[in-house]
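The block underneath contains the structure these notes are about, expressed in structure tokens.
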Amino acid sequence: MPDSDTGAPPRVVLVTAAALAVALAVAVAVFALTRPSPSDSAGPLPLVSVPAPFAGSPGCTTLLGAVPTELTSNGTSLKVRALAAPAPPATVAWGSTDPVVLRCGLDRPPELTPTAQLRLVNKVQWLQVPGEGASTWYVVDREVYAALTVPDSAGTGPLQAVSDTVAAKLAPQPLRFG
């Protein structure tokens with residue numbers, strides 16, 4: 001008895017539709033497994049320039065020449081990221097999604113007052129300025145001000161690693177309030 005007598009589509013149409021569905025599922029799975037990860041395919045990171053009048057100082061040159069090429073954030077390795085032109089001076093970034101960004105040569109943060117709460121991390125005094133989804137940590141006891149912006153999801157690894165570099169390369173100095 002032919003398939004058309006039952007009102008069902010012809011058998012060849014059902015087999016073809018099933019084969020196409022399986023082929024589509026396989027293609028999607030292969031694409032998902034072989035596509036580059038976001039860190040591999042991410043292009044240069046565009047960053048907004050901020051005033052950094054001391055970006056060309058010897059302290060920034062020393063610090064940026066010594067920063068690690070890789071940071072650890074919650075067990076994930078964050079590699080140095082290329083910056084899009086025009087790149088802000090004395091700036092380096094790590095990671096692709098929610099990057100960690102270090103800027104050097106900034107003006108004194110206005111939040112640095114004699115009563116500001118500071119944190120000592122690996123022999124470096126930091127001033128934390130919380131933001132939406134990230135905090136910016138300012139090095140406040142060295143010859144230059146530097147700011148490390150860290151996503152809230154990053155953990156303490158980036159702050160500790162950059163603290164080690166700051167402590168090794170820049171001598172501590174008294175705090176300046178004005």
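The values are calculated or read from the model by the stated rules, or taken from the named source; none is laboratory data. Nothing here was measured: the structure is a model prediction, and the numbers come from that model. Cβ placement follows ideal geometry from the backbone for every residue including glycine, while neighbour counts extend to all protein chains displayed. Each accessible area value is taken on the protein alone, full model and side chains, heavy atoms only, with ligands, DNA and RNA left out. Shrake-Rupley method; radii C 1.70, N 1.55, O 1.52, S 1.80 Å.
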Residue that is most open to solvent (accessible area, probe 1.4 Å) [pool: residues in region 87-100 that are not charged (D, E, K, R) and not in a strand (DSSP E or B)]: Thr97
Matching residues in region 44-57 - criterion: being open to solvent by 90 Å² or more (accessible area, probe 1.4 Å) and in contact (Cβ under 8 Å) with a residue 40 or more places away in the chain: Val48, Pro51, Phe54
Qualifying position, being closer than 18 Å to Thr149 by Cβ, touching a helix residue (DSSP H, G or I) at 6+ places or on another chain (Cβ under 9 Å) and at pLDDT 95 or above, among Gly59, Gly105: Gly105
Count of residues meeting criterion [basic (Lys, Arg) and within 16 Å of Ala167 (Cα to Cα)] in region 84-135: 2
Pair list, Cβ < 8 Å and 6+ apart or interchain, from region 69-83 residues that are small (Gly, Ala, Ser) to residues that are part of a strand (DSSP E or B) and open to solvent by 80 Å² or more (accessible area, probe 1.4 Å): Ser77/Glu70
Those residues of region 67-86 which are closer than 13 Å to Leu102 by Cβ and assigned to a loop (DSSP other than H, G, I, E, B), in sequence order: Val67, Pro68, Thr69
Per-region count, region 113-163, residues open to solvent by 20 Å² or more (accessible area, probe 1.4 Å), closer than 27 Å to Pro58 by Cα and polar (S, T, N, Q): 7
From the options Asp40, Asp3, residue that is in contact with a helix residue (DSSP H, G or I) (Cβ under 6 Å, 6 or more places away or on another chain) and either more than 30 Å from Leu159 (Cβ to Cβ) or at pLDDT below 85 (or both): Asp3
Residue identified as of a type in the set (A, V, I, L, M), within 21 Å of Pro158 (Cβ to Cβ) and either modelled with pLDDT of 65 or more or not in a loop (DSSP other than H, G, I, E, B) (or both) among Leu64, Leu14: Leu64
Index of the failed condition, Arg103 passing every other in (1) over 21 Å from Thr72 (Cβ atoms); (2) assigned to a strand (DSSP E or B): (1)
